[in-house]
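The values are calculated or read from the model by the stated rules, or taken from the named source; none is laboratory data. Bear in mind that the values here come from a model prediction, so they are computed numbers and not experimental data. Side chains are part of the model used for accessible areas, which takes the heavy atoms of the whole protein and leaves out ligands, DNA and RNA. Shrake-Rupley method; radii C 1.70, N 1.55, O 1.52, S 1.80 Å.
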Amino acid sequence: MYRKIVVPVEMGQLDKGEKILRKAMALLDEGGSLVLLNVAENIPGYLTIDLPANFIEQTVADSEERLKALAQSVGAPAEIMVRVGSPAREIMAVADEVGADLVIIASHRPNFSNYLLGSTADRVVRHATCSVLVDR
């Protein structure tokens, strides 16, 4: 059904990541490919004083290892990517760069703050140039 699927996973919600990765595998065409993605958010400068100097680099390395373990546990031959920046912006950038025809993203139940600021899934749905499947 789809040739290239991007599956963004939040490290704090690996159970949801496993669920959407399994859905991606079911929707993937034979010969298609998966991109398993995590986006580490930038940390404001005033907070970095309390963190180790290599905090971002360590976060990226840890995320790569956890994504590899997730892909292996599900049996998904996925390309692993970790980016640093705004989650919605990086998800859409990766989808464009790899020529994705689908992004599968997990979402949570909206609360009041989502109506004021918008969630990552909301932003991806509104601005992505490819199809987006949101899993609750």
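Annotations for the structure displayed:
- Rounded to the nearest 500, the 222 nm mean residue ellipticity of the chain from helices alone is -14000 deg cm²/dmol, with -39,500 (n - 2.57) taken per DSSP H run of at least 4 residues.
- Spherically averaged projected area in nm², based on the convex hull that wraps the Cα atoms of the chain: 8.7
- Added length on full extension, which subtracts the Cα-Cα distance from 0.36 nm per residue, ALA53 to GLU30: 3.9 nm
- Of all accessible heavy-atom area on segment 23-95, the percent that carbon and sulfur account for (1.4 Å): 52
- With N counted as the residues of segment 24-104, its alpha-carbon radius of gyration over 2.2 N^0.38 Å works out to 1.26.
- For segment 11-136, the solvent-accessible area works out to 58 Å² per residue, with a probe of 1.4 Å and every protein chain left in place.
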